[in-house]
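The values are calculated or read from the model by the stated rules, or taken from the named source; none is laboratory data. Just so you know, these numbers come straight off a predicted model, no measurement behind them. Note that each Cβ is placed from the backbone with ideal geometry, even for glycine, and that neighbours are counted across all protein chains shown.
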Amino acid sequence: MTIYNWDLMERLLHEAQNSAGHSFTPRPYAEQYAAAKSAAGEPIENLDHLKAVAGEYEKLLLARGYIEPRPEDQGGNGSNYILTMRGSCLLSLLDSSIPGNDHPRQVLDEQADALDEATFDQVASKAQIA
């Protein structure tokens with residue numbers, strides 16, 4: 001069973017969504033994520049490990065069709081992304097600003113690999129997940 005850090009994943013998806021005109025840099029995003037958690041009094045993982053995980057998440061999101069290179073006419077510079085429909089759906093399930101977002105994360109955690117394309121598409125298509 002693959003377990004994901006959904007908070008970090010959410011941060012990366014937001015950064016990809018807002019990356020027009022600048023490069024997507026997962027390692028600094030992991031540092032910012034850790035700093036925000038620390039400032040909130042929450043424990044943080046080993047920072048080097050967190051940075052490595054962020055880099056792996058970038059590769060995974062790209063390979064599995066959650067993000068794709070941002071077109072030049074949308075601020076693309078060759079090293080930034082936009083969310084695909086699948087990525088937008090994942091972000092909406094993870095969005096911590098929405099009250100009650102724990103249930104979708106729990107459902108995703110119950111999958112062998114929630115970000116496997118077929119698994120995610122099937123789980124996300126169920127109205128009761130949200």
### Message
Six or more apart or on different chains, Cβ atoms under 9 Å: show the pairs whose first residue is in the range 95-124 and farther than 18 Å from residue 66 by Cα and among the polar types (S, T, N, Q) and whose second is surrounded by fewer than 18 Cβ atoms within 10 Å (Cβ to Cβ) and at pLDDT 85 or above.
### Response
96/7; 101/95
### Task
Starting from residues that are under 18 Å from the mean Cα position of the chain (by Cα) and part of a loop (DSSP other than H, G, I, E, B), keep the ones in the range 23-46 and report whichever is modelled with the lowest pLDDT.
45
### Message
So for the range 21-38 (the condition being polar (S, T, N, Q), out of contact with any Phe, Trp or Tyr (no Cβ under 9 Å at 6 or more places or on another chain) and under 27 Å from residue 107 (Cβ atoms)), does at least one residue qualify?
### Response
no
